Structures are given as C-alpha cells and as structure tokens.
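Structure first, commentary second.
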Amino acid sequence: METKSNNWEPRIVAFFCNWCTYTAADLAGVSRMKYAPNIRVIRLMCSGRLDPQYVMMAFAKGADGVLIGGCHPGDCHYVEGNYKTLRRVTLLERMLHDLGLEKERFRLEWISASEGDKVKKVVNEMVEQVRALGPLDMPGRFADWDKEMEELEAHVNHSQKEIPAHVH
C-alpha cells in the first residue's frame, strides 16, 4: 500500500448536477474563488442519474474520495432526481462501510446554482479530510487481495493433495 508522503495529494472525483452544483462550481471559478485543485468534476444532467457503479469505479480506479453535488431537495430540475440520489447514497454508504472505507471519503452535498462559496467550502473541507486520512490506494488493495486469494488457493490445493485418495 502507498504510504503517506509530503508530496502526496488526494484525488477526488466529483459528480455534479448540471443545473445546480456544476453551475455553482462555474460561478466559483468565474468569481475567482480559490479552492483546492484536487477534484475532477464529472457533469451529470441530474444527480439522480448517478449510477452507484460510477462511484465504485472511481474508487477502484484510484480516487481517494468521491463527492456528489445535487440540487437542494424540492428544487430538482427533474422534480425528484435528488430523492433518488439520496436513496442511492444511503445504499453506497453501507457498501463502502462494509468495504472498510472511511465515511469521510464519500460525501453528498446539496448546492444550488448561486452557492459558489459553498462549492469552495465543501471542496476545501473534503480535500483536507481526505488528506488527513492518507491515500486510499484501492488498486493496491486489489493487488493485495488477489495475492491473498492465490495463497489461499495454493493452501487449499496443497491440503487436497494430502488427503488420501479413498477419502475423495
């Protein structure tokens, strides 16, 4: 697993709703608000279109954190998309917890188009929280798990050979 070093910077994938959070991030940029450059934004037409697989894939491909931004409940451009998001996020939080990921690595925020300052605040907070946790290195964890499975398979195969033939 990668160790925390002075030059390591967290990588955060952000899934932002086109109508609110993405527009707020654009407002923050146009207004020259400074926030950490550690996020890579993926624009979705609605946060309700976020497939949980995308979150899992972001972590699997090396993200240290995932941020989801959507319209405030009741203000969704597609009426109920953000309620769908909330249900999916609840499911994802359980899955990520079961995988041993710290809750600070995954975050949902309701941010309207006029809240550029909130984008700045949320991004900076999340980057600092993830930086304090250190690298997730999920690809490295996968390699470790694969090695453990190979060792287990070798042990099982070896044990099978030691069993007398008449027992099989």
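The numbers here are math on the coordinates, done by the rules we state, and not lab data. What you are looking at is a predicted structure, and each value in this text was computed from that prediction instead of being measured. Cβ placement follows ideal geometry from the backbone for every residue including glycine, while neighbour counts extend to all protein chains displayed.
Here the 3J(HN,Hα) profile of region 101-106, calculated from phi with Karplus coefficients 6.51, -1.76 and 1.60 at θ = phi - 60°, is 7, 5, 5, 5, 7, 9 Hz, Gly and Pro shown as x. Close amide H pairs (under 5 Å, H built 1.01 Å from N) link M45 with N18, residues at least 5 positions away or on another chain.
Calculated FRET efficiency, Y78 to N124, Cβ-Cβ distance, R0 = 25 Å: about 0.30 to the nearest 0.05. Other residues within the sphere of radius under 13 Å centred on the Cβ of E128, judged by their own Cβ, net out at +1 (K and R +1, D and E -1).
In this label model, E148 and E9 are separated by 3.2 nm, measuring between points 7 Å along each Cα→Cβ vector. Spin-label pair H158-R49: with each label point 7 Å from Cα along the Cα-Cβ axis, the two points sit 5.3 nm from one another. Result for the chain in a Gaussian network model with C-alpha springs under 10 Å: among V156, V123, V89, the largest mean-square fluctuation is at V156.
Dividing the helix sum by the residues of the chain, where each DSSP H run of 4 or more adds -39500 (n - 2.57), gives a mean residue ellipticity at 222 nm of -16000 deg cm²/dmol.
Listed values for region 65-70 are Karplus-derived 3J(HN,Hα) couplings in whole Hz (6.51 cos²θ - 1.76 cosθ + 1.60, θ = phi - 60°), namely x, 10, 10, 10, x, x, and x replaces Gly and Pro.
What is the antiparallel percent of DSSP beta bridges lying wholly in region 12-136, to the nearest 5?
Working: 1 of 17 bridges.
In region 12-136, DSSP labels about 5 percent of beta bridges as antiparallel.
The phi torsions of region 88-97, fed into the Karplus equation with coefficients 6.51, -1.76 and 1.60 and a -60° offset, translate into couplings of 5, 5, 4, 4, 4, 4, 5, 4, 5, 4 Hz, rounded to whole numbers, with Gly and Pro shown as x. Each residue, M33 and K103, gets one label point 7 Å from its Cα in the Cβ direction; the gap between the two is 2.5 nm.
Taking a Cβ cut-off of under 12 Å around L27, the surrounding Lys, Arg, Asp and Glu residues balance to a net charge of 0, with basic ones at +1 and acidic ones at -1. Of the chymotrypsin sites (Phe, Trp or Tyr not before Pro) found in region 62-168, the ones in coil according to DSSP and having at most 15 other Cβ atoms within 10 Å of their Cβ are Y78.
Less than 5 angstrom separates the built amide H of L108 from those of I68, all sequence-distant by 5 or more or on a different chain.
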